[in-house]
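Asks: This is the structure, below, for whatever I ask next.
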Amino acid sequence: MSEMELPLVIFTVLSQTAVGLVAISAIRQHAAEGPAGSVRPEWMTAALLLIAGLVASLFHLGHPLGASLAIKHLGSAWLSREALGTGVFTALVIAGLLSARGRVNAGLSFAAAVVGLIALFFTGMTYSPPGFPALNNVMPFVFFLLTAAILGAGFASYFTPAEKMPLITRILTVSLIVGLVVYLVVPCLWLSGGTVMRQTGLNYISSPLYWARIIAGLIVPLLAVWRMKTVPAWAPVLVLAGEIMGRIAFFSLAVHASANMGGIY
Amino acid sequence: MACKNQYHQENGVIWRDVYELKEEIYPHRERAFYSLACNHCENPTCLNVCPVVAYYKRDADGVVVHEQDKCIGCGNCIRSCPYGAPRYNPVLKRAEKCSFCWQRLDDGRKPACVLGCPTDALQIVDLAEFDEANAVQYPAGFPRYPALNPSVSFRLPAMPKMIRRKL
Ligand code: SF4
Ligand code: SF4
């Protein structure tokens, strides 16, 4: 992975955590009976994650001062749409934080969650370019959605009252199971693709980073929440480490189409 | 060399590269190559993904021009182009690529690479009229991206004649 991409690892993981946190907060406050939980600190965390992610994203630009120009090409560039979507999402989260009185207004909560998911879709499209055949499909969006679900549920557990912990535990358990299946199956599917896609699959299954992410970021937390029937305080930290490893793998193990020029595709 | 003489790119920043055909495609080693740069695609992904509109496509001849002063160095076009044409200039911290010597074209001259090639392996053709039986758009060893529709055509390499002495 080039050093240019480390800021992208931080930006994508943190912003997707914020999307998951806000979406789960909206559901927990307004679609489930009972106390709302610590909503203000939760939205404060989401806002801080987003701001930290946006600052990190500047470091991936050769010319960070030009960042505001990145919304110039909304007509066709997913990166412009992503920049706008993430900006609007951040504004909605800050508005929710400032207006929260025990709960964030239901309309604002769900509006923020929907805009966050749309921004996440834009991010998925940005990172599925033709240059990487293994990623030139819906998979980046699926990976990012899983990050939002897993980390969103994990971090939401810190702000959830005991009455609603079973709901959060269920969401995290299901997300971890789906994540485990997807992350084990997808590299195997890549193995049946053309030369470049197959090489991406081989890079994954021979990478200690990939297996460390599977074991530490998915299997261990899954066994913990399954056996303990709740989310232990250490689990979200482990899951975050796993997602960061997974994102480093995403940016460093995929093979570019031009790497095989002159060979059979 | 012709390209480097014309533009003096930074070391390691290569706009036109020469790729050897692997033996699985062409059985005689170091006998057949592709000389590749930007293909000035009909539907250029570099242009489509650039968030600051640093690319434009010329109406008259379809040349895809990169305006480096507008580039903020996000790397999106570099990731996106499957032909590896845009490269990162670590000194300027911006992308750059072959813009088909458009200033030379406007001056009625050929691009530096076309002019400099001693074997005439590179030629400018009008693809709307170019109809040669031995030419293809996607030869083996060249990525196939119909959605981009690269504006190139390749004459396939002939097999060398094997001359053996009679015993
Ligand atoms: S080859 Fe790449 S850089 Fe050149 S026009 Fe096509 S997409 Fe753009
Ligand atoms: S690196 Fe420059 S030219 Fe390429 S997409 Fe980013 S801003 Fe546009």
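Asks: So how many residues does segment A:67-82 have that are among the hydroxyl-bearing types (Ser, Thr, Tyr) and crowded, with 22+ Cβ neighbours inside 10 Å?
Replies: Summing the residues that are among the hydroxyl-bearing types (Ser, Thr, Tyr) and crowded, with 22+ Cβ neighbours inside 10 Å in segment A:67-82 gives 1.
Asks: Sticking with this structure for a sec: Please state which of the following conditions residue A:229 fails to meet, knowing it meets all the rest: (1) surrounded by fewer than 18 Cβ atoms within 10 Å (Cβ to Cβ); (2) out of contact with any Ser or Thr (no Cβ under 8 Å at 6 or more places or on another chain); (3) among the basic types (Lys, Arg).
Replies: Condition (2) is where residue A:229 drops out.
Asks: Quick check on segment B:112-131: of everything there that is farther than 27 Å from residue B:8 by Cα and surrounded by 10 or more Cβ atoms within 10 Å (Cβ to Cβ), which residue is nearest to the other protein chains (Cβ to nearest Cβ)?
Replies: B:127
Asks: I would also like to ask the following. Taking segment A:57-113, which residues are closer than 30 Å to residue A:39 by Cα, touching a Phe, Trp or Tyr at 6+ places or on another chain (Cβ under 6 Å) and within 14 Å of chain B (Cβ to nearest Cβ)?
Replies: Those that are closer than 30 Å to residue A:39 by Cα, touching a Phe, Trp or Tyr at 6+ places or on another chain (Cβ under 6 Å) and within 14 Å of chain B (Cβ to nearest Cβ): A:57, A:81, A:82, A:85.
Asks: Right, here's the next one. Answer yes if at least one residue in segment A:202-225 is more than 14 Å from chain B (Cβ to nearest Cβ), within 22 Å of residue B:24 (Cβ to Cβ) and of a type outside the set (S, T, N, Q), and no otherwise.
Replies: Looking for residues that are more than 14 Å from chain B (Cβ to nearest Cβ), within 22 Å of residue B:24 (Cβ to Cβ) and of a type outside the set (S, T, N, Q), one finds at least one in segment A:202-225, hence yes.
Asks: Of the residues B:56, B:145, only one is within 14 Å of another protein chain (Cβ to nearest Cβ), free of Cβ contacts under 8 Å to residues at least 12 places away in the same chain and either part of a loop (DSSP other than H, G, I, E, B) or within 14 Å of ligand 1 (Cβ to nearest atom) (or both); which?
Replies: B:56
Asks: Within the bounds of segment B:63-72, is there any residue that is more than 9 Å from chain A (Cβ to nearest Cβ), in contact with an Asp or Glu (Cβ under 7 Å, 6 or more places away or on another chain) and within 15 Å of ligand 1 (Cβ to nearest atom)?
Replies: Yes - at least one qualifying residue is present in segment B:63-72.
Asks: Would you check which residues across segment A:100-144 are surrounded by 22 or more Cβ atoms within 10 Å (Cβ to Cβ), touching a His at 6+ places or on another chain (Cβ under 7 Å) and farther than 22 Å from residue A:196 by Cα and list them?
Replies: The answer is A:109, and nothing else.
Asks: Could you list, in sequence order, all residues of segment A:245-265 that are within 11 Å of chain B (Cβ to nearest Cβ) and over 18 Å from residue A:147 (Cα atoms)?
Replies: A:254, A:256, A:257, A:258, A:259, A:260, A:261, A:262, A:263, A:264, A:265
Asks: What number of residues in segment B:24-53 are of a type outside the set (A, V, I, L, M, F, W, C), away from ligand 1 (no atom under 12 Å from the Cβ) and in contact with a Pro (Cβ under 9 Å, 6 or more places away or on another chain)?
Replies: 4
Asks: Still on this structure, I have one more. Any residue in segment B:81-91 that is in contact with a strand residue (DSSP E or B) (Cβ under 7 Å, 6 or more places away or on another chain), in a loop (DSSP other than H, G, I, E, B) and surrounded by fewer than 17 Cβ atoms within 10 Å (Cβ to Cβ)?
Replies: No, segment B:81-91 contains no residue that is in contact with a strand residue (DSSP E or B) (Cβ under 7 Å, 6 or more places away or on another chain), in a loop (DSSP other than H, G, I, E, B) and surrounded by fewer than 17 Cβ atoms within 10 Å (Cβ to Cβ).
Asks: Residues in segment B:84-96: is at least one touching a Ser or Thr at 6+ places or on another chain (Cβ under 6 Å), under 16 Å from residue B:17 (Cα atoms) and within 16 Å of ligand 1 (Cβ to nearest atom)?
Replies: Yes, there is a match, as at least one residue in segment B:84-96 is touching a Ser or Thr at 6+ places or on another chain (Cβ under 6 Å), under 16 Å from residue B:17 (Cα atoms) and within 16 Å of ligand 1 (Cβ to nearest atom).
Asks: Name the single residue, out of those in segment B:97-111 being of a type outside the set (Lys, Arg) and either part of a loop (DSSP other than H, G, I, E, B) or crowded, with 21+ Cβ neighbours inside 10 Å (or both), that is farthest from ligand 2 (Cβ to nearest atom).
Replies: Looking at residues that are of a type outside the set (Lys, Arg) and either part of a loop (DSSP other than H, G, I, E, B) or crowded, with 21+ Cβ neighbours inside 10 Å (or both), I get B:108.
Asks: Any residue at all in segment B:4-21 that's within 12 Å of chain A (Cβ to nearest Cβ), acidic (Asp, Glu) and either within 11 Å of ligand 2 (Cβ to nearest atom) or in contact with a helix residue (DSSP H, G or I) (Cβ under 6 Å, 6 or more places away or on another chain) (or both)?
Replies: no
Asks: With respect to residue A:155, is the statement that it is more than 14 Å from chain B (Cβ to nearest Cβ) and either closer than 21 Å to residue A:178 by Cβ or at pLDDT below 95 (or both) true?
Replies: yes
Asks: Right, something else. Is it the case that residue B:3 is in contact (Cβ under 8 Å) with a residue 40 or more places away in the chain, away from ligand 1 (no atom under 13 Å from the Cβ) and either crowded, with 18+ Cβ neighbours inside 10 Å or at positive phi (or both)?
Replies: Judged against the criteria, residue B:3 is a match.
The values are calculated or read from the model by the stated rules, or taken from the named source; none is laboratory data. Everything quoted here is computed from the prediction, not taken from an experiment. Quick reminder, even Gly has a Cβ in these numbers, built from the backbone with ideal geometry, and neighbours come from all protein chains shown.
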